[in-house]
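The next block holds one structure in the form of structure tokens; read it before the comments.
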Amino acid sequence: MSAGVAARLVAACTLDAVLHRGRSLKAALGASLPELADMRDRALVEAMVLAALRQRVRYNAALDAWMARPLGPRDGLLRALLLVGFAQLDLGLPAHAALAATVDAARALGRAHQAGMVNALLRRVTREPLPAAAPEAAWPDWLAAQVRADWPMQAAAIFAASLEPPPLWLRVNRRWIHRDDYRALLRQAGLDAAPDPSLADALRLDAGVPVQQLPGFDAGLVSVQDASAQAVADVLAPAPGARVLDACAAPGGKAAHLAERDPSLRITALDVDARRVRRMQDTFARLRLDGLDARAADATRPDTWWDGTRFDAILIDAPCSATGIVRRQPDVLLHRRKADIAALVQMQATLLDALWPLLAPGGTLVYATCSILHAENAAQIDRFLARTPDAQPQALPDELGHVAGHGRQQLPGEKGRDGFFYARLRKG
């Protein structure tokens with residue numbers, strides 16, 4: 001079997017797991033990508049699966065319109081392969097090679113009798129445009145309605161941004177190299193990156209590349225982290241030597257960024273899942289960061305892990321609906337349920353109430369989410385302030401997005417960034 005055919009098969013199986021078997025995209029890719037030895041094939045699979053998920057409404061509309069007989073319930077894997085076929089053509093892969101590999105993949109799936117149909121459908125894509133679909137059609141009705149209610153003037157742009165592939169944002173590890181020097185290394189590798197004037201460590205590449213192509217990645221010179229997430233370090237801005245808690249830290253990017261900026265910080269990074277903590281420790285080791293206390297613990301149960309010494313700064317990057325990162329995780333729209341929001345809002349409130357007593361007087365707590373829903377963001381902070389007399393909201397700069405209650409909301413796609421909410425509270 002050729003590498004091209006193997007890549008299409010892996011992509012189809014991954015997509016089938018997400019669409020028809022309820023697996024998360026991250027878990028499905030984590031299980032399937034190791035089957036491919038070549039990093040370029042892995043990158044291709046990821047690109048095809050992401051494109052197929054983002055554009056699944058258009059692709060399924062084409063299948064419904066163009067097929068004489070609809071695919072049956074046992075044809076999930078074949079449907080996934082066809083969506084992968086459409087995606088690779090949308091991505092601009094050479095049509096002849098894409099068609100040949102996808103048709104051969106159909107044969108490898110035991111669908112030799114349908115190989116002609118696969119070929120005909122893909123050839124049709126090269127001759128005529130796919131049916132159009134409204135950008136919000138990929139969103140569950142209840143969630144699209146909530147976005148319109150929360151952001152009536154921006155909803156159309158939010159839906160459109162969710163269909164677009166994001167740029168690749170890099171965070172240069174200032175502990176080991178200056179951003180300008182790392183940018184020069186990228187140029188030598190044939191990669192053109194632009195700095196962001198409001199983020200001291202950020203570089204933006206308009207197209208994604210495998211991390212193995214990033215100079216010095218394994219040596220800890222750089223990490224992949226969206227600009228919105230990088231801004232958290234500036235919002236928290238702990239003083240030198242501060243005792244800092246990152247309460248929901250995995251995969252560890254924000255704690256690592258703080259440590260890169262100031263080695264004197266005393267950082268405790270928690271996550272409730274021991275496996276994620278091990279991956280977080282691996283990240284710290286790659287970046288050559290010492291002294292971070294990464295531990296598996298439930299942030300809502302300080303009695304099980306806290307030593308009684310208060311923190312000068314606390315970051316709660318809270319579990320949320322992930323509605324601000326749909327373009328990166330399009331499976332959010334498949335798996336999110338309306339009942340999830342109330343449960344997440346309760347969890348966020350529990351985190352705020354449990355961790356506020358751990359903050360020293362005069363200290364700063366930053367509450368952040370990658371959600372765009374008011375219930376998880378502005379309304380959550382309003383409720384917390386109403387029940388917490390010694391919590392004082394602090395103003396945040398315009399560059400962090402729209403005013404949202406006592407916080408700021410970056411919406412998806414604005415300045416190339418993910419959707420993100422920030423609120424900064426001082427303990428009086």
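The values are calculated or read from the model by the stated rules, or taken from the named source; none is laboratory data. As the structure is a computational prediction, the values presented were derived from the model and not from experiment. Cβ atoms come from the backbone with ideal geometry, glycine included; neighbour counts cover every protein chain shown.
When the residues of the stretch 198-212 are filtered to those that are of a type outside the set (D, E, K, R) and part of a strand (DSSP E or B), which remaining residue is surrounded by the fewest Cβ atoms within 10 Å (Cβ to Cβ)? Among residues in the stretch 198-212 that are of a type outside the set (D, E, K, R) and part of a strand (DSSP E or B), the one surrounded by the fewest Cβ atoms within 10 Å (Cβ to Cβ) is 200. Scanning the stretch 114-133 for residues that are in a helix (DSSP H, G or I) and in contact with a Lys or Arg (Cβ under 8 Å, 6 or more places away or on another chain) returns 115, 118. Summed over the stretch 17-68, residues that are under 21 Å from residue 92 (Cβ atoms) and either among the charged types (D, E, K, R) or not assigned by TED's automatic domain parsing to the domain that holds residue 84 (or both) total 8. Looking at the stretch 23-34, can you tell me whether even one residue there is at pLDDT below 90, more than 20 Å from residue 54 (Cβ to Cβ) and in a helix (DSSP H, G or I)? Looking for residues that are at pLDDT below 90, more than 20 Å from residue 54 (Cβ to Cβ) and in a helix (DSSP H, G or I), one finds none in the stretch 23-34, hence no. Being part of a helix (DSSP H, G or I) and aliphatic (A, V, I, L, M) is the filter; apply it to the stretch 348-360 and report the residue that is surrounded by the fewest Cβ atoms within 10 Å (Cβ to Cβ). For the stretch 348-360, the residue satisfying everything is 349.
A single entry from 77, 63 fulfils the requirement of being touching a Cys at 6+ places or on another chain (Cβ under 8 Å) and more than 18 Å from residue 330 (Cα to Cα): 77.
Scanning the stretch 35-50 for residues that are part of a helix (DSSP H, G or I), of a type outside the set (A, V, I, L, M, F, W, C) and either at positive phi or in contact (Cβ under 8 Å) with a residue 24 or more places away in the chain (or both) yields a total of 4.
Listed by position, the strands (runs of 3 or more DSSP E) contained in the stretch 256-347 that have at least 1 residues being modelled with pLDDT under 95 and more than 28 Å from residue 200 (Cβ to Cβ) form an empty set. Put simply, of 195, 215, 251, 240 the only residue that is of a type outside the set (Ser, Thr, Tyr), in the same structural domain as residue 328 (by TED's automatic domain parsing) and either under 18 Å from the mean Cα position of the chain (by Cα) or surrounded by 15 or more Cβ atoms within 10 Å (Cβ to Cβ) (or both) is 251.
Kindly provide the set of residues from the stretch 376-399 that are without any contact (Cβ under 8 Å) to a residue 60 or more places away in the chain and under 24 Å from the mean Cα position of the chain (by Cα), ordered by number.
Within the stretch 376-399, 376, 377, 378, 379, 380, 381, 397, 398 qualify.
Checked against the criterion of being part of a loop (DSSP other than H, G, I, E, B), more than 26 Å from residue 408 (Cβ to Cβ) and touching a residue at least 24 places away in the same chain (Cβ under 8 Å), the stretch 224-240 has no qualifying residue.
Of all the residues that make up the stretch 189-226, how many are of a type in the set (Ser, Thr, Tyr) and farther than 12 Å from residue 287 by Cβ?
From the stretch 189-226, those of a type in the set (Ser, Thr, Tyr) are 198, 223; that's our starting set.
Within this subset, residues satisfying the condition of being farther than 12 Å from residue 287 by Cβ are 198.
Qualifying residue count for the region: 1.
Against the definition (touching a Gly at 6+ places or on another chain (Cβ under 8 Å) and more than 18 Å from residue 210 (Cβ to Cβ)), how does residue 90 come out, yes or no? Answer is no for this residue. Looking only at residues in the stretch 269-284 that are of a type outside the set (A, V, I, L, M, F, W, C) and closer than 15 Å to residue 305 by Cα, the one that is surrounded by the most Cβ atoms within 10 Å (Cβ to Cβ) is 271.
Can you spot a residue in the stretch 351-363 that is of a type outside the set (A, V, I, L, M), assigned by TED's automatic domain parsing to the domain that holds residue 311, out of contact with any helix residue (DSSP H, G or I) (no Cβ under 7 Å at 6 or more places or on another chain) and on the phi > 0 side of the Ramachandran plot? Within the stretch 351-363 (the criterion being of a type outside the set (A, V, I, L, M), assigned by TED's automatic domain parsing to the domain that holds residue 311, out of contact with any helix residue (DSSP H, G or I) (no Cβ under 7 Å at 6 or more places or on another chain) and on the phi > 0 side of the Ramachandran plot), the answer is yes, since at least one residue qualifies.
Within the stretch 371-399, the set of residues being under 25 Å from residue 197 (Cα atoms) and surrounded by 23 or more Cβ atoms within 10 Å (Cβ to Cβ) comprises 371, 372. For beta carbons closer than 6 Å, sequence separation of 6+ or different chains, a first residue in the stretch 261-288 that is assigned by TED's automatic domain parsing to the domain that holds residue 236 and a second that is in a loop (DSSP other than H, G, I, E, B) and of a type in the set (D, E, K, R), the qualifying pairs are 272/298.
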